[in-house]
Each structure stands twice: as structure tokens, then as C-alpha cells.
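Trainee: Just dropping this structure here.
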Amino acid sequence: MSPAAHDAAQYSFAVEYDGPPLSFDLPRAVPISVDNIPVAAVVSQVPLSDALALPVVQPLLPPQLHHPLRTLGSEPRVSKLASETTVSPTSVIAFDHRASQSNVGELSGELSSSGAVLDDGKESVDFNELNQQDCASTESVLSLEYPSTRVSSLKAEDIDAKRPPVVTFDVDSDDDALNEEFDVEDTASRPVIKRAPLTKGKKGSCYRCFKGNRFTEKEVCLVCDAKYCGNCVLRAMGSMPEGRKCVTCIGFPIDECKRGSLGKCSRMLKRLLNELEVGQIMKAERFCDANQLPPECVCVNGQLLSYEELVTLQNCANPPKKLKPGNYWYDRASGLWGKEGQKPSKIISPHLNVGGPIQPDASNGNTQVFINGREITKVELRMLQLAGVPCAGNPHFWVNEDGSYREEGQRNTRGYIWGKAGTKLVCAFLSLPVPSKSSNSLGEQPSSLASRTIPDYLEHGIVQKLLLVGCSGSGTSTIFKQAKILYKSVPFSEDEHENIKLTIQSNVYAYLGILLEGRERYEDEILGNLRKRQSSVLDTAGTSSKLDDKTVYSIGPRLKAFSDWLLKTMVSGKLDAIFPAATREYAPLIEELWNDAAIKATYERRSELEMLPSVASYFLERAVKILRTDYEPSDLDILYAEGVTSSNGVACVEFSFPQSASEETIDTTDRHDLVRYQLIRVHARGLGENCKWLEMFEDVEMVIFCVSLSDYDQFSVDGNGCLTNKMILSRKFFETIVTHPTFEQMDFLLILNKFDLFEEKIEQVPLTKCEWFSDFQPIISRNRPNSNSNSINNNPSLGQLASHYIAVKFKRLYSSLTGRKLFVSPVKGLEPGSVDAALKYAKEILKWNEERPNFSLSEYSMYSTEASSFSH
Amino acid sequence: MSVTDLKDRHAAAADTVNNLRHRLKQKRLSLLDTDICEYAKSQGRAPVTFGPTDLVCCRTLQGHTGKVYSLDWTSEKSQIVSASQDGRLIVWNALTRQKIHAIKLPCAWVMTCAFSPTGQSVACGGLDSVCSIFNLNSPTDKDGNLPVSRMLSGHKGYVSSCQYVPDEDTHLITGSGDQTCVLWDITTGLKTSVFGGEFQSGHTADVLSISINGSNSRMFVSGSCDATARLWDTRVASRAVRTFHGHEGDVNAIKFFPDGNRFGTGSDDGTCRLFDIRTGHELQVYYRQHSDNDIPPVTSIAFSVSGRLLFAGYTNGDCYVWDTLLAKVVLDLGSLQDSHEDRISCLGLSADGSALCTGSWDTNLKIWAFGGHRRTT
């Protein structure tokens, strides 16, 4: 049943009158009878208006406002407007179509000639023929359509000529008028020109073929409300690039009262098109620009919204659902939201920077009780009373988003409005909003971006990729893990946690193995020395004393057996397979082992064990705790652990920077805070000059190169089997990456990692140990005590000086290779704040790059003083 | 024995090896009494000629949003699986251009993909060092994604290449950046054998490509960054049957000749070569001098069913069709109308040999087929 018929039913006599002619099926009878109605209708509305206050206002007010916009049905206008609008878009489209058709024709011709060669040539030929047929048919339709619309518009004019303009207005858009009366009444002044359908048939028939009655299924144009039957809809609406709109209506904003049906497919369309096509059309309908809510139609707290404000509003964690044009009020502190002059309808995200300040009479209350400066309605007062809020004496409340309330000017919270279970029931009963679960029950900050869902059309596209590379041991893995812990609400899944636990445990066994191996070596050394001495003693004295095998490094037979076994499994390389599983069995033994004096003595000499990584001491000191079966790795354990990030291949984590409170107040609409970042960590292995897969990362926005500062005195075996300083190896690697053709125009951020270790080390080992840094001559005024100065520049520590020096070394190298500027950030990988700062710095660099054209040169250099300060 | 002593002996040994290798090369050259080209000419073989419309692009498969890295045809139906940097595998119907499956991958950096012989499952591998198997018949999860039905993990480097053992859906061979090739049992997900790696006579650099002999599925060849190709017998994992030297750059692509006695290679040095597995000889070099001095590396190769034509894709977007006998370029697909706009990264011939599919970094796949009238001379 069409809405028009429904509305007609409200006029009691019209129903009686309308019924019989339909059964007689005399088409002419209807227009004639309708002709007479307008006079009657105006009259009949007056007596009706006694009951309803609005209809009286409506006919009186609109004439100036509505009439020029709506009376497209009047003859002179319609002929002019209709002809104009029909001619331009359709002719252009038809032309376009024809042009593309000819293209397709060419292509398909080629296809058929070539397709025949394929084994299934027949199939492909069929396909082509179909295609061509289809083309032909659509073409003929299009060529037909143009004259037909003209004809039909002429027809329409004919009909219009016979009847007064008011009639068409009433017949065709009375449902709209009524809808608007209730929905959009307050936006009557908005500057959107409403489009009327170009052609109209008799009531209920298809607008194109003029067949069918109001009971036949029809599709409605979202803009002009034209209705088409199943046979005509595809011809009238074409390929629907903006959803269900007549070809002539493409590009026009949709009728706001149809916003609700956006993206909701009708059965007819589903029948006519296949699922994929329908999906595409519905997607286009929802997301194309022309169909978005125009911001100037929404007014919040008496201020029309700007585009940014509307985006903020729609993309907040808890947006107002099904936002329609109109006037709204919004209480920023509590997130209450409602139509102007009405009670609140919803609680949305609070603290959005949208619209003006709230007015006391926003909800048109008359209770003299105020919430956040708004006089509340009776219903709300009733709710407050039921919720147990004392409302005697017309108090002024200050309500927060979590429902906590206090009286204005007082500091202590009096209670929580929605705290009691019953309150929610009351609210439901009074149809008042309650805070949604996601924002309240978890107690989350609404500003935490990590957890909020961004609509997918926003999510697409803006993922900025950061590639994290560095030599092995440079701490890329630590930074990666740190990023995960920093920005993910659940950094590691349960499985991952379990895996990490096992990795850490088997690592500890491996460390113990290295320790035991060292113990054996030390024992042998001492015994050897002893024997030598003894033999020399023997030679001189000639007395044979029984050799005392006991040294500091000897262990008992039980532990010895275990040690032998452990070393054997280590050599065979089966440690991973055996160990985590055997933990339960060996844990007590480990405790005994760890407490053994011999192991303690060996541990004292751990610096001599080259195999033992520096992190081992962290774990060995906790060995007993870690090797318990109920051990749960802490964040720090995970950061320290080796081999947690898959050492071969890539690992990536997607995150966005959470907004800090200060940033939020400055600009919430900043697009950059919505940007998601993907940190990709690749292993250095195989990342040589001839790397086959670095090209896969040409779409990254920035390369973060990691260098361990403390490497300057470390040596490692390079590809040719020579022992080389690790810093030099890092430099070599840096050179190959920087000059790799894939990264030609890429920005590089150099992370000088392990700054904490470096600061300690530099005091003992001079930086000049690495030949690259041989000209490092720090000028330190030793006579001034450190505590005197609070500024770094006044009296920098040796570590700071040295790291600046290294930074400059890399910067010079970089600019000599590329002619560009290198960004440098010293980092302590184990400190979350430090890694956070470095990644935020990376974000800022990307931001600058986007905005660089907007900055004048001087401004830009001012912004990057930190980076340029070390480039002398 | 001191370290310096050891080093000296190592150097001496390396010298000897090089010396022997050189002598072997000399010997081979002296034994090479004729080359294929001369012989074919003496037998009166006329060069293959193609008119400009003989091979035409008849389909363009659009749908990927990232660079296409790999493709594979089914052995029976005309389906293609392609892998792209957008993190998806797409299974296409090559005739209708329809997408039958679009599989979202857990790791977007995919380098290779393969269709199983029965066409029931596809395999892919990439930088995640895992070869993932997707059963095309398994139900999709709630997000509409096809779940991974088996993960073959164990490689310590990226998976650069994978191929199912012909006529078996249960075995698969992968080549990897960890310098090894692995034969997998898919049903158990375990390694059956590892070729190379810690063993002697394995590759000394990343394996980039593998190809299984179509007529004897126990033999396969691998091409590697160490500029060699190696022939392996799956029953003897301990050592390579033969090592083929000759290339001066990474061997990017390797493919068995249809008769199974030869194989072709494509390399970073810009050449394609043809080797004989029985004699170990290099039979032919396919190289075209470019006017400017840059040498575009070969990314991918394929043989026609008869073996007379060799298709080779180059990084500059060219795709030459070589006459394998006379070593002449018959046609350059890159110069034709509707050719790819970026480098050709992969190519493959359909099982019946009627169509060639090329995948490119311009995100498209194109299907080429014979478009002229076959002259019966």
C-alpha cells in the first residue's frame, strides 16, 4: 500500500468516495474527482484543524517559503525546469553511455576473435554475444528514453494544464508534506531545493510506463520520489552510481525523510540484480558524498554545524543514531542529547566540541530544576525523583558522563544517577536514555581511541606503515614489543602469552647450559693449574700427595649428572623439544643448582662467557621463579626476552596513538589522531643489497632504523668471516638500506637504542674504541659540578655528548648519501616513555611531511630545531 | 692446529675447487661440438614467426589492489589463483573473469601461491616463513574469510616458492630464504625431507624458485641467489644430484622443460638459460642486447607445451617469447597493445597450453591466447 493511499484514509469521507471508483476501474474518474477536491480539501482542512494545531499553521506559513520551491508542478515552471534538467543530464549520460558502448563494442569484438582460440571458445563467444546484446538493449533503451521523457513530460504538462497546480502538489507529495511537517518542520528555511519528479502518471502507477496501480511493487527515487515498476527501474535509474536515484537526479542530495531507507535494499532490487551488484549499490548509496547528511542541516545548541563538527559527531564512540536534519541540544558534560524543546533522547559521547553552549531552555523544561545549566523536563524530574535524587528546593545539578551528580558549586559527588538497577528500568519506562554499556560499565575513558570503532569507510586507506629495521641485537624486537604493550589494549593473546612463557623458560635453560659449560671450563682450568703446580711441587719435593679435585667450581654428582645431560641435549639441539615440557620435573633441581656455590662462582665470572647474552643475568637471577609451572611473564620479562618476536620473517602491529587529555581539548577533529599506524618489524637477515623482497615495502611511509649505541666496543663476524666492529656493521647495513632503490625518497628515523647501557659503558670504555669514532674529543668542563645545572646544554653528560656525536656521524653519512636530512632520536628501549616519544616523533615527522607545503621555511626550521640541533 | 693454519688450508681448498670448476668448464666447452641453434638450422628448422595479432590479450583480470606476485593455473579447469600485496589470494575463472574466491591472508607479504593438482586447495607462502594451505571447500568463518586449513611452519626464512607434487594433494615442496627446500606432508603438516641447509652441497644463498619434473615427480630443481641451480632427488635429501653453474646473477625463476630432461632458468643477469639434467650441459642462452646498457633481470619464465616457445617476463615490463631452438625473440608482449604497465612478476601457461597468464605489479593479470590463424606450413 502506498503512503499516499494511507494518508488519504485519514480523510474520512475520502475513503468512502475513493473506494467505489477503484472497483469500477475508471481511470479518468479519479483525476476529475481529484480536481474537485482541492477546493474541498482546503475547506476540509479547516474543520480538521480544530483538532490539530499544526495543519492550520502549515498552509498559512508555507506559501512564501514552500511555494516557490515546491510548485514545480505549475505549468510555466515545469516545462522550463523539466526540459532543462532532462536535457542536460540525460543527454550527457546518454552520450557517455554511447561512447563507452562503442568502446565496449570494440573490446568485445576483439574478445570474440581472441576468445575463440581458448579451448572453451564457445563459452566465451556466448559470453560476448550476451554482452553485446545487453549493450544493444541498453543502448536502445537509452536512445528511446530521451524522447520518451520528453513525451511524457509533455503528457504531464497536458494533465497539469487541466488541473490546478495545487492538486498535483497534494496528490503526489502530500505524504512528503506530512512527513516534513513532523520531521523537518524546523528546517523549512534550509537552502535545499527539493526536486520533483519529472513525470507523473496517474496515482499509483509507474512514473515511466504509467502502468500498474498502487499495489504493484515499486522502487522509489531517493531524491524526487518518483516511483518505478520492476520493468522500468533499471532503465530509469541506470547503473545507480549513487544508489536508487533517477538518472536525472544523480548528484542531488537525497530527500531527508528517506535517509532511514539508505542502504536498505528492497525485494524488487534483489530480484532484479545479483547479490554482488546489490551490495555495491547499497554501499554506494550509503557512502557516496552526495548522500551524506549535509552539515548545514544539523543545528546543535543553536549553531549550525560545520563539516568537521559533523564528522566529529558521527565518528565519536557513541554517536547519535540515525541523525536527521533538525535542531538539537547537546549537553557536553553528561553527553545528553535531544531534539530542541524535547526531553533527552539519547546519551552520546560527552566532551565533543560540537555546536554552541547549551541554552537553559534547550529542552523547554519548566521544572526549575537544572542539569548542567539546562532546565529539565517534567519526565526527567520524575526520573530523578524515582532514582532517589533529592530535588527539593529547585537545585542546580552538575552531572558527569558517568552519571555522578553534585550540586553546582560543590566539590563532592552526591551519588550516581544510573547507579541503581531500578533507575534503568524507570528510564526505560519513561523512555529516557541511559548510558550505553560500552561507555560506562567498563569505566573507559571515552577518549581512548584504541578501543573505539571507526566506521569502515574512514578506516580504509589511512594506515601509515612504519618499517622497523636494524642489525640483529639492535633492539628492534624490544621496540616492537614495547609498541605492542604501549598501544594495544591486549598486547598478547593467551596463546601468545603461553608461547612467550615457554620461550622464556627454554631460554633460561639455555642460559643455564651456557653457565654449566663455563663452569666445566673454569673447573678444568683450575684443575689444570693445580696439576701443573702439583707436578712442579712433585718434581721438587718428590712427595705424592693425593690430588684434591675439589675446587670452587666443583658440583655434586647429582647436579653433575644433570649438567652433563643438559649439555648433551643442548649439543644435540633438542633443548626446545624437551624443555618446557620437562619443567615440572626439573624445577626443584634448578633451584638446587642455582643455589650451588659453584654456579654462583661461575655466575660471578659471567662476563667471560661470550655466549651468554647480557640479558641472561636478568633472567638467571629470577630463574627459580621463572621455571615454576605457574610462572606468568610480566611485561618487563617479555621486553627482556629474546626470540619472542618471530626471529624469521616479519611481524607487524597496527595501532593508533591514544589521545592525551591535553591534545583532546585542543583539537579533537585532527585527522591525524584517527590515522592508524602499522609498525612492521623485519629481520635483518637477508636484507642485503640484493634483497628480493624489500620492494614489497615500497609503500611504507618511513623507515625506522635502529642502532644499538652500546655496540661500539662489540665485535661480530661479518659475511666474509672477518671480525668486525658491530657499529661498523650497523653503518654498512644502514648504507645499503638508505641507498636501496626502493627507499629512494623515503624518510628515515634513526633510533639510537640502548642509551641507558651506553651511558654506563661510556664511562668505562672510550668511544674511540670504534675506529669510526676515532676523532671524538669531548670537551667537558670537569670543574663544574653536575648538580649545578638543570639544562642539558650547560653541562651535558659524557653519554649525551657521545650520542650527539654519533648522531652527527650518521647524519653526515646520510646527507652525503642522499642529500637529505636524517631524523634522530635516542631511545631507551626498555622504558615505555622513551619508545612512546620516539614513535610520536615519527608521527610528527609524517605530519610535517604532509603539511610541509603549508609551512614557510623559517617556521619549518623552527619546528625541527630538535632534529637540526645536532647537525652542525 | 692453529687458526691461521686452518685458514690457509681453507684458502688452498677453495682454490682447488675453483680450479677444478674451471677445468670442468673447459672440458664441457671442448665437448660441446655443436650448439642447438646451429644444429637446428642445419636440420632446416625455420624460425617461429608471430604476427602482431597472433598473440593477443583476451582477458584482463582486475580485482587486486596491490602488486601481483605469483599465479598458478589449475591442472584441469581454467582457474587461476593469484597472490598479491593487498594480502589476498584470488581464485579466478579465467574464461569468465569471475572471482570464485577471495582469500584474506593473515600475512600480507605473500610471495608465492600454488593450486593443488585436484584443484581442491591452494597453498601460499611469504615473508611470514609459513606455507599456508587453504581448502577451497571448507566453510567460511563469520567474517566471510576462508580459514587456513594447514600451516606448514618450520622454515627459518621467507617462503619464496611452492609447488604441489603432481598427482598428489598431500605433498608439497617449498623453497625458502633459509637456503633450503622442504618436502612437506600436508596431512600431518610435518617436513618429510629437507634439502640443503646444514648439509653439504646445498644452496649457499636464498632459494628463490623451484620446479618439479612433470614426468618424474621425484626430481625437482631449485634456483637460488648463489647463481646456481641444483637438481634434487626427493629420495636422497642429503645431497644435490647435480649443481648447474653458468648464471652470473641470482636465479629468479626455474622451470622444467615439458619433456623433463631439461630445465630453463631466468636470472638477474638478464639471461634465460637452458640446462640438460642428464649431461649437466648448458644448452642455450637467451639474451637480447638492449640499446641502453641496463640489463633488465628476468623475473619469471614458462615453456609452451611443445617446448618450442619460452615466455620470459622482465622487470622493465617486457615479456619476450623466445624460440627455444634458434634463441630468437619471436614476440615482445610488452610492446603489444594492452600490455602491462609495470614489471611482469609472474607468468604461467594453462594446463592445455592454450593460454598464457601474466601477472604484473600494475595489479592486473592478463590472459594471452593465440589470436591469428595457424598457418599449416
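The values are calculated or read from the model by the stated rules, or taken from the named source; none is laboratory data. Please read all numbers here as calculations on a predicted model, not as lab measurements. Cβ coordinates were reconstructed from backbone atoms using ideal geometry, including for glycine residues, and neighbour counts include every protein chain displayed.
Trainee: Among the residues of the range B:192-233, write down those that are in a strand (DSSP E or B) and within 14 Å of chain A (Cβ to nearest Cβ).
Mentor: If the condition is that a residue be in a strand (DSSP E or B) and within 14 Å of chain A (Cβ to nearest Cβ), then B:Val194, B:Val207, B:Leu208, B:Ser209, B:Gly223, B:Ser224 are the ones that fit.
Trainee: Let me ask another. Go over the candidates A:Phe870, A:Phe855 one by one and state the one that is at pLDDT below 90, surrounded by 12 or more Cβ atoms within 10 Å (Cβ to Cβ), within 31 Å of the chain's Cα centre (by Cα) and of a type outside the set (S, T, N, Q).
Mentor: A:Phe855
Trainee: So B:Val236 ticks every box in (1) surrounded by fewer than 16 Cβ atoms within 10 Å (Cβ to Cβ); (2) within 14 Å of chain A (Cβ to nearest Cβ); (3) aliphatic (A, V, I, L, M) but one. Which box is left unticked?
Mentor: (2)
Trainee: Can you confirm whether the range B:183-206 contains a residue that is under 14 Å from the mean Cα position of the chain (by Cα) and assigned by the TED database to the domain that holds B:Leu283?
Mentor: Within the range B:183-206, not a single residue is under 14 Å from the mean Cα position of the chain (by Cα) and assigned by the TED database to the domain that holds B:Leu283.
Trainee: Follow-up. How many of the residues making up the range B:235-284 are closer than 25 Å to B:Gly197 by Cβ and of a type in the set (S, T, N, Q)?
Mentor: Residues in the range B:235-284 being closer than 25 Å to B:Gly197 by Cβ and of a type in the set (S, T, N, Q): 5 in total.
Trainee: Quick one: which residue in A:Ala290, A:Ala284 is within 30 Å of B:Gln98 (Cα to Cα), touching a residue at least 24 places away in the same chain (Cβ under 8 Å) and in a helix (DSSP H, G or I)?
Mentor: Testing whether each residue is within 30 Å of B:Gln98 (Cα to Cα), touching a residue at least 24 places away in the same chain (Cβ under 8 Å) and in a helix (DSSP H, G or I) leaves just A:Ala284.
Trainee: Can I ask one more? Between A:Glu695, A:Glu763, which is free of Cβ contacts under 8 Å to residues at least 40 places away in the same chain and in a helix (DSSP H, G or I)?
Mentor: A:Glu763
Trainee: Limited to the range B:55-89, what total is found for residues that are more than 12 Å from chain A (Cβ to nearest Cβ), surrounded by 22 or more Cβ atoms within 10 Å (Cβ to Cβ) and outside any strand (DSSP E or B)?
Mentor: So the answer is 1.
Trainee: Separate question: Mind telling me which of the residues B:Asp338, B:Asp318 ends up being surrounded by fewer than 17 Cβ atoms within 10 Å (Cβ to Cβ) and in contact (Cβ under 8 Å) with a residue 24 or more places away in the chain?
Mentor: Only one candidate passes the filter, namely B:Asp338.
Trainee: Filtering the range B:163-177 down to residues that are surrounded by fewer than 24 Cβ atoms within 10 Å (Cβ to Cβ) and in contact (Cβ under 8 Å) with a residue 40 or more places away in the chain, which residue is nearest to the other protein chains (Cβ to nearest Cβ)?
Mentor: B:Gln163
Trainee: Taking the criterion of being over 18 Å from the mean Cα position of the chain (by Cα), within 14 Å of chain A (Cβ to nearest Cβ) and part of a loop (DSSP other than H, G, I, E, B), would at least one residue in the range B:278-294 satisfy it?
Mentor: Scanning the range B:278-294 turns up at least one residue that is over 18 Å from the mean Cα position of the chain (by Cα), within 14 Å of chain A (Cβ to nearest Cβ) and part of a loop (DSSP other than H, G, I, E, B).
Trainee: Please tell me if A:Glu277 is among the acidic types (Asp, Glu) and under 26 Å from the mean Cα position of the chain (by Cα).
Mentor: Against the criterion (among the acidic types (Asp, Glu) and under 26 Å from the mean Cα position of the chain (by Cα)), A:Glu277 does not qualify.
Trainee: Here is a follow-up. Restricting attention to the range B:90-107, and to residues there that are within 11 Å of another protein chain (Cβ to nearest Cβ), assigned to a loop (DSSP other than H, G, I, E, B) and without any contact (Cβ under 8 Å) to a residue 60 or more places away in the chain, which single residue is nearest to B:Ser161 (Cα to Cα)?
Mentor: B:Cys107
Trainee: Checking the structure you have, find out if any residue of the range A:600-620 is under 39 Å from the mean Cα position of the chain (by Cα), in a loop (DSSP other than H, G, I, E, B), at pLDDT 80 or above and of a type in the set (Phe, Trp, Tyr).
Mentor: no
Trainee: Regarding the range B:225-241, can at least one residue be identified that is within 14 Å of the chain's Cα centre (by Cα) and under 30 Å from A:Ala651 (Cα atoms)?
Mentor: Yes; the residues of the range B:225-241 include at least one that is within 14 Å of the chain's Cα centre (by Cα) and under 30 Å from A:Ala651 (Cα atoms).
Trainee: Taking the options B:Ser160, B:Ser132, name whichever one is within 14 Å of another protein chain (Cβ to nearest Cβ), touching a residue at least 40 places away in the same chain (Cβ under 8 Å) and buried (at least 24 other Cβ atoms within 10 Å of the Cβ).
Mentor: Of B:Ser160, B:Ser132, the one residue that is within 14 Å of another protein chain (Cβ to nearest Cβ), touching a residue at least 40 places away in the same chain (Cβ under 8 Å) and buried (at least 24 other Cβ atoms within 10 Å of the Cβ) is B:Ser160.
Trainee: Give the residue, chosen from B:Met111, B:Met151, that is surrounded by fewer than 23 Cβ atoms within 10 Å (Cβ to Cβ), within 13 Å of chain A (Cβ to nearest Cβ) and assigned to a strand (DSSP E or B).
Mentor: That would be B:Met151, the only listed residue that is surrounded by fewer than 23 Cβ atoms within 10 Å (Cβ to Cβ), within 13 Å of chain A (Cβ to nearest Cβ) and assigned to a strand (DSSP E or B).
Trainee: Of all residues in the range B:282-331, count the ones that are among the charged types (D, E, K, R) and closer than 18 Å to B:Asp54 by Cα.
Mentor: Qualifying residue count for the region: 4.
Trainee: Out of everything in the range B:22-51 that is within 27 Å of the chain's Cα centre (by Cα) and either within 14 Å of chain A (Cβ to nearest Cβ) or small (Gly, Ala, Ser) (or both), what residue ends up being surrounded by the most Cβ atoms within 10 Å (Cβ to Cβ)?
Mentor: Applying the filter and picking the extreme gives B:Ala40.
Each row is one residue, and each column tells you yes or no for (1) at pLDDT 90 or above; (2) closer than 29 Å to A:Lys484 by Cα.
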site: A:Ile792; (1), (2): no, no
site: A:Asn795; (1), (2): no, no
site: A:Gln800; (1), (2): no, yes
site: A:His804; (1), (2): no, yes
site: A:Ala807; (1), (2): yes, yes
site: A:Leu817; (1), (2): no, no
site: A:Arg820; (1), (2): no, no
site: A:Gly829; (1), (2): no, yes
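Each row is one residue, and each column tells you yes or no for (1) farther than 23 Å from B:Thr188 by Cβ; (2) at pLDDT below 90; (3) not acidic (Asp, Glu).
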site	(1), (2), (3)
B:Ala102	yes, no, yes
B:Val110	yes, no, yes
B:Ala114	no, no, yes
B:Thr118	no, no, yes
B:Ala123	no, no, yes
B:Leu127	yes, yes, yes
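Trainee: In the range B:191-211, is there at least one residue being aliphatic (A, V, I, L, M), over 20 Å from B:Thr299 (Cβ atoms) and in contact with a Phe, Trp or Tyr (Cβ under 9 Å, 6 or more places away or on another chain)?
Mentor: Among the residues of the range B:191-211, not one is aliphatic (A, V, I, L, M), over 20 Å from B:Thr299 (Cβ atoms) and in contact with a Phe, Trp or Tyr (Cβ under 9 Å, 6 or more places away or on another chain), which makes the answer no.
Trainee: Condition check: within 24 Å of the chain's Cα centre (by Cα) and within 25 Å of B:Gln337 (Cα to Cα). Does B:Val110 satisfy that?
Mentor: Against the criterion (within 24 Å of the chain's Cα centre (by Cα) and within 25 Å of B:Gln337 (Cα to Cα)), B:Val110 does not qualify.
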